[in-house]
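Asker: Let me give you the structure first, and then I'll get to my questions.
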Amino acid sequence: MQRYGREEMEAFKRNRYKKTCRQNLCVEDRTMGTVLDYLKEYGDYTLTEMPFSEVDSLILSQFSYLKFDEIVPEAQGKQAQTAMPEVPVMSAGGERKEADRSEAAEHGVAQKAEMTEAAAVSLEEMFRHEKYDSLYGDERYRRDNTALFLGMYGSKRFHNTRITSYVNQIDLDTEMQFSAVTIHLPDGMVYVAFRGTDETIVGWKEDLNLAFSEPVPGQLMSVEYLNHTAETFAGDFYVGGHSKGGNLAVYAAMNCRKEVRDRIVTIYDHDGPGFRPEVKAQGAYGEIEGRIRKTVPRSSLVGMLLYSEGEYEVVESKTIGLAQHNPYTWLVKEDAFLIVKDIRTGRKFMDKALNQWILSLSPEEMHTFVDTFYQVILASETDNLIDLTANWMKSLHRIRMALKEIAPETEKAIWQIMRALLDIISANMKERFRNRNETEREKLEEAIRQLETAFRKQP
């Protein structure tokens, strides 16, 4: 495939500028885009010419969502992970070649294990693989993920990237969906990427468990994965992920072996949920706090869940609401994120109320809420969200039937839990509107009374 050359990049910039002018936008906006535009604009710069950034981290975090099964060798289980072979050195053209000790050291490759031909896969090999089309199995982002891979493949910045130590495990019994991959960058650095929630129902159940009961199996496995994969290469490295992947990156970093933790340069958390206070207290959070780079979109929900302290940057998005969780909507200005002052006031208010509610529930109430929600969704008889939404009429009917089957005592408990959330929202709203005029306060109080009346009518 033809790589983007300097002339093509300049032509792209000129055409983009013309389009901007036709749309009567300000000149400044011609430097605005997404991570895909960033790859087109700056893909011709190597990581040596332009240092690794948060935008690069988001690209690799999203790259980890690709379906590497049958393309990248998968490490299964603790025993296999312990014996994960190190990565062979690749030539500039992407071909495998034998490497001596000095060359491997130059590329940051450890001499702890015997190299094998199946240890790593280059982007070139992935592109030529007979299973190439299966990379884009997630239909929600197929077009964007395709553009992401081809943008990386066609760039000097990422073309010689090598992928290894792939893990993808789904366990219904333990309610775990875990996936991670180790990415060897052309400049010799390594990025350990944890995948966020995929389209599986069990994956979203695990997300709920992150807030209500920790640690979850995926978090424990992230520690195991980081400890073992760090043995396959030498030197410092990055770790990161998007959504649940960001949570796993932070959790693994603060709970891995100290000698591994000391090698981590930066932990990238892209809109990942936080932790209950007791979880932070049990890990070495204080040791890594200064190395965490947390980014959230302006209307963040997931990333502010159980996040109460520490610095974060707010990125502007080209969409609104919960859709901002999609990394492809985050805006990039030139070679960095477009940063805004803070998340939206209304969103911040709701996040505070939601976190208060979560922390107020007893362990029994937590499990009742999560398990009931999960069982109702399972009633749709689908195992992934794509099928659930594709056949939403059929799924909705089955969900309604499942609600009727909930035991009376469970239904009553659910409504009690929801009333607790309403109480917290009501109290926060009253406090927020304390200084408003009498008419506004009366309207607010009437709205709250109507909500409370609706809740009282329930079991």
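The values are calculated or read from the model by the stated rules, or taken from the named source; none is laboratory data. Just so you know, these numbers come straight off a predicted model, no measurement behind them. Here the Cβ positions follow ideal geometry from the backbone for every residue, glycine too, while neighbour counts run over all protein chains shown.
Asker: Taking the stretch 219-240 on its own, how many of its residues are under 21 Å from K280 (Cβ atoms), part of a strand (DSSP E or B) and either over 20 Å from the mean Cα position of the chain (by Cα) or of a type outside the set (A, V, I, L, M) (or both)?
Answerer: Here the count works out to 1.
Asker: Let me ask something else about it. From the residues in the stretch 314-354 that are among the aromatic types (F, W, Y) and at pLDDT 75 or above, which one is surrounded by the most Cβ atoms within 10 Å (Cβ to Cβ)?
Answerer: W330
Asker: Shifting gears a bit: So E311 ticks every box in (1) outside any loop (DSSP other than H, G, I, E, B); (2) surrounded by fewer than 20 Cβ atoms within 10 Å (Cβ to Cβ) but one. Which box is left unticked?
Answerer: Among (1) outside any loop (DSSP other than H, G, I, E, B); (2) surrounded by fewer than 20 Cβ atoms within 10 Å (Cβ to Cβ), the lone unmet condition for E311 is (1).
Asker: If you go through the stretch 125-159 one residue at a time, how many are crowded, with 20+ Cβ neighbours inside 10 Å and in a loop (DSSP other than H, G, I, E, B)?
Answerer: Within the stretch 125-159, residues that are crowded, with 20+ Cβ neighbours inside 10 Å and in a loop (DSSP other than H, G, I, E, B) number 5.
Asker: Given (1) within 29 Å of E139 (Cα to Cα); (2) at pLDDT 95 or above; (3) among the polar types (S, T, N, Q), identify the lone condition not met by T174.
Answerer: Exception for T174: condition (2).
Asker: Turning to a different aspect of this structure: Sort out for me the helices (runs of 4 or more DSSP H) sitting completely within the stretch 247-297 that have 1 or more residues that are at pLDDT below 95.
Answerer: 277-282, 285-288
Asker: Still on this model: Among the residues of the stretch 177-214 satisfying the criterion of being within 22 Å of F68 (Cα to Cα) and of a type in the set (S, T, Y), which is modelled with the lowest pLDDT?
Answerer: T200
Asker: So, one more: Can you confirm whether L306 is assigned by TED's automatic domain parsing to the domain that holds V216, surrounded by 15 or more Cβ atoms within 10 Å (Cβ to Cβ) and not acidic (D, E)?
Answerer: Judged against the criteria, L306 is a match.
Asker: OK, next. Please specify each residue of the stretch 262-301 satisfying the condition of being within 16 Å of the chain's Cα centre (by Cα) and of a type in the set (A, V, I, L, M).
Answerer: I267, I292, V296, L301 - these are the residues of the stretch 262-301 that are within 16 Å of the chain's Cα centre (by Cα) and of a type in the set (A, V, I, L, M).
Asker: Restricting the search to the stretch 169-190, which residues are farther than 25 Å from R263 by Cα and either assigned to a strand (DSSP E or B) or in contact with a Ser or Thr (Cβ under 6 Å, 6 or more places away or on another chain) (or both)?
Answerer: Matches in the stretch 169-190: Q169, I170, D171, M176, Q177.
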